[in-house]
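Enquirer: Following this message is one structure expressed as structure tokens.
The values are calculated or read from the model by the stated rules, or taken from the named source; none is laboratory data. Just so you know, these numbers come straight off a predicted model, no measurement behind them. Ideal geometry is used to build each Cβ from the backbone, glycine not excepted, and the neighbour counts take in all protein chains shown. Side chains included, ligands, DNA and RNA excluded: accessible areas come from the protein's heavy atoms. Shrake-Rupley method; radii C 1.70, N 1.55, O 1.52, S 1.80 Å.
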Amino acid sequence: MKKKLIIFMPSIEGGGVEKNLFLVSNHLSKQLSKVALITISKKYKKKFNSSIEFISPTADYWDHLSRRSKYFLSLFLLIKEIIKNRNLTVFAFQANIYCILVCKLFSIKVITRSNSAPAGWSKNIIKKLIFRFFLNLADKVMVNSLQFKKDLKREFHVDATCIYNPLNHDDIIKKSKEKSKKIFKNNKKLKILNIGRLTEQKDQLIFLKALNLLKKNINFQAVIIGRGKLHDKLLKYIYKNELNHFVKIIDFVENPFPLLKQTDLFILSSRYEGLPNVLLEALSLKKFIISSNCPTGPKEILLNGKGGLLFKVGDYKQLAKRILYYQNNKEKCNKLLKYAIQNIKRFDYKKNMQKYLSLVEKFI
């Protein structure tokens, strides 16, 4: 008898990881007889197929806890499920180390999906040793870029499997046609967009610093879409440097594609990633990309600069030069964009979903 698959994702917050969670969970639920999800975030239940068993607290109160608190409550739910039924396999999308520990204590098969490059979570030797030990206890570690796979091998001696994020191109095009507000007021100005959580990782501050250098050189309007703890800090920088006539911040939206469709230029300013979905989405909508050359993903998506422009992480002066280059060399940049679009098939939805299914089936 095949094992039940438990997908473990304590805190669902609406970012790129979650997009993959929805896609992968729903696809697996159509192919496997028993799929369940352990999460504290019940508000996203409608995003999942009705055949997926939801294992979460009954009260809505728990969804207001901190992420770390959600981890521990979800681990309690996982232990309860394991005690009730030992014939299962766990697929962790989050809190991987905690999940591995619990599964190994109960001799349960566990697959983990690492979402962001080691540069973001292994900065001290103690953490590095902990991750090296526990990741090697997992039955399979999955990552979403080839560079990520190399980094895990080098830093943690982990032989990971790379499966690209499944890009649902048709769904993006369909959603981009939905009615939405107009976020750019003047079509004659260069329209620049950045989408991401307002956090240190996404580093929108260097995006603003680059724009501050350019405000007297080119005619542009820029929008940042996102929410997060750095909102006030970014807003303060905008007003202090008199950028409020050039830049605005708008809140996170469930469907950003109609807004992304309005832009000329998409910019990713991150310090680290895994494989940023937003770059694949921008390419689906035929938008030119300037991205930080952060670990990992952008260089892979943009074919080492043959499909878009890259700049050094944190280097706002270089970013400003890249924006200026785009403004003055649109014909050359359009050739780069065409090349990137021609090579986007690597991220094909069906092909990568089949890889997910094949991986999971080995352990159930």
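Enquirer: Using the reciprocal of the averaged 1/r over all distinct C-alpha pairs, how large is the Kirkwood radius of region 9-135 in Å?
Expert: When all Cα pairs of region 9-135 are included, the Kirkwood radius is 15.4 Å.
Enquirer: Taking the Cα centre of region 221-361 as origin, sum charge times position over the Cβ atoms of Lys and Arg (+1) and Asp and Glu (-1), and report the length of that vector in debye to the nearest 20.
Expert: Magnitude of the dipole: close to 420 debye.
Enquirer: To the nearest 500 deg cm²/dmol, what mean residue ellipticity at 222 nm is calculated for the chain from DSSP H runs of n ≥ 4 alone, each contributing -39,500 (n - 2.57), summed and divided by the residues?
Expert: -12500 deg cm²/dmol
Enquirer: Still on this model: What aspartates and glutamates does K355 reach when the alpha-carbon gap must be under 18 Å and sequence neighbours fewer than 8 apart in one chain are set aside?
Expert: Excluding near neighbours in sequence, the set is D139, D159.
Enquirer: Percent relative contact order of the chain, based on C-alpha pairs within less than 8 angstrom and at least six residues apart?
Expert: 16 percent
Enquirer: While we're on this one: Using Kirkwood radius over Cα pairs in Å as the read-out, say which of [x] 22.6; [y] 23.2; [z] 21.5 was calculated from these coordinates.
Expert: Step by step, Kirkwood radius over Cα pairs in Å for this structure corresponds to label [z].
Enquirer: Rounded to the nearest percent, how much of the accessible area of the chain (1.4 Å probe, protein heavy atoms only) is carbon and sulfur?
Expert: About 52 percent, which is the carbon plus sulfur part of the accessible surface.
Enquirer: Could you give the length gained by full extension between K46 and K128, i.e. 0.36 nm per residue of separation minus their alpha carbon distance, to one decimal place?
Expert: Full extension from K46 to K128 adds 25.8 nm.
Enquirer: Taking the alpha carbon gyration tensor of region 237-364, what are the square roots of 5 times its eigenvalues, largest first, to the nearest whole Å?
Expert: Those come to 29, 18, 15 Å.
Enquirer: For region 100-209, what is the accessible area per residue in Å² when the probe is 1.4 Å? Walk me through the numbers on the way to the answer.
Expert: On the way: 5510 Å² over 110 residues.
On a per-residue basis, region 100-209 sits at 50 Å².
Enquirer: Could you name the aspartates and glutamates whose alpha carbon sits less than 19 Å from that of K43, not counting residues in the same chain fewer than 8 places away?
Expert: Those aspartates and glutamates meeting the cut-off are E13, E18, E53, D60, D63, D251, E254.
Enquirer: How much solvent-accessible surface does R132 expose, in Å² to the nearest 10, with a 1.4 Å probe and all protein chains in place?
Expert: Counting only protein heavy atoms, the figure is 80 Å².
Enquirer: Further, regarding this structure: Could you list, in their original order, any pairs among K233/K299; K19/K175; K150/K350; K215/K240; K215/K321; K191/K321 whose Cα atoms are separated by more than 21 Å?
Expert: K233/K299; K150/K350
Enquirer: Could you order the peptides 251-261, 221-231 from most to least packed, using the average number of other C-beta atoms within 10 Å per residue?
Expert: Ranking the peptides 251-261, 221-231 by packing returns 221-231, 251-261.
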